[in-house]
Amino acid sequence: MTLNFLIAPDFSPERFAGWHMLNTALQKRSGIQLHLLTPTSAAEQAAFLAEGKADIVYANPFDAADMVRALGYLPFARPVNRSDEMVIACAAASPVQKVEDLKPGCRIAVTDNKDIKLIGQRLLEPADIGPADIQWVIVDSYQAAARMAIKRDVDAAFFLADSFASLSRMTRSQIRPLVESAIHDISHVVLAHPHSAQHLPALGAALLALHGDEFGQSVLDALGMADGFEPLSQEDAEFMIDLMDTLLD
């Protein structure tokens, strides 16, 4: 039997090889056949989920909340010291110096990542602008968001903090962060469909053990997750989901 291992589409392009390395390592160490799915958009991810093709999922926290509560997915791991923070940035040459300088009617580039958009809206509260006051410009990637900000086609752009940090030095020299979140308790998580529950002991052990040897560490480094993964209990997952609900209120 082969399980589909789906990766949330918000990872940085330079991590693509790392996910393939992880998939291979988990197969060898658990004895379970895994097929890697790397959807390029939230819509493609939703299609895989709707078709029941996602057995193991590395999910962003917003999607994880729905998958756990509505679809019954089982949380079992998360990266260590890898909370999901986000950055609001503008062009380096922009007159905008702080979030409060953004005005109703401003244009903001955002990917189709609900968690990043949700946190970003909270960070915009000092500017006294709500979602209805913003002209949202949906882009396919953080690289596209950066390009729009640099060209000043938008007033600002939302980024996953890790993706912002992984932009090229040239790109980052042309954009300026306005604010970065510091929530700490929200992160991507690894979930399993209930029909895959019997494989969790082997997969969980293989995933958590990567931090213990040289090859495993090379896989983690390629993913940008040098500290490895840790177990995630149902209780801890519910706490994170409750926090997401609080952000929605």
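Determine one quarter of the surface area of the Cα convex hull of the range 4-45, which equals its mean projected area, and express it in nm² to one decimal.
Values: hull surface 11.0 nm².
The Cα convex hull of the range 4-45, projected and averaged over all directions, gives 2.8 nm².
Applying the Kirkwood pairwise sum to the alpha-carbon positions of the range 143-226 produces a hydrodynamic radius of 16.2 angstrom. The ranking of VAL80, VAL110 by Cβ neighbour count inside 10 Å, starting from the fewest, reads VAL80, VAL110.
Report the per residue volume, in Å³, of the convex hull enclosing the C-alpha atoms of the range 86-180.
Taking the convex hull of the Cα positions in the range 86-180, it is 78 Å³ per residue.
Here the chain is treated as a sphere whose radius is the Kirkwood value from Cα pairs; by Stokes-Einstein at 4 °C and 1.567 mPa s it diffuses with a coefficient of 69 µm²/s. Computed over neighbours whose Cβ is under 13 Å from that of HIS193, the net charge equals -1, Lys and Arg +1, Asp and Glu -1. Restricting the calculation to Cα atoms, every distinct pair contributes to the Kirkwood radius of the range 1-99, found to be 15.6 Å.
Packing, as the average of other Cβ atoms within 10 Å across residues, places the peptides 84-92, 1-9 in the order 84-92, 1-9, highest first.
Residues of the chain were split at every exposed loop site, defined as trypsin sites (Lys or Arg not before Pro) in a DSSP loop with at most 16 other C-beta atoms within 10 angstrom, and the longest piece left, sites excluded, is 153-249.
Of the Cα atoms belonging to the range 39-148, the radius of gyration and Dmax stand at 16.3, 48 Å.
Sequentially through the range 38-47, phi angles give Karplus couplings (6.51, -1.76, 1.60; θ = phi - 60°) of 10, x, 8, 8, 4, 5, 5, 4, 4, 5 Hz, Gly and Pro residues having no value and appearing as x.
Each value in this text was obtained by applying a stated rule to the coordinates, not by laboratory testing. Computed from a prediction, not measured in an experiment: that's the story for all the values here. Neighbour counts run over all protein chains shown; Cβ positions are idealised from the backbone, glycine included.
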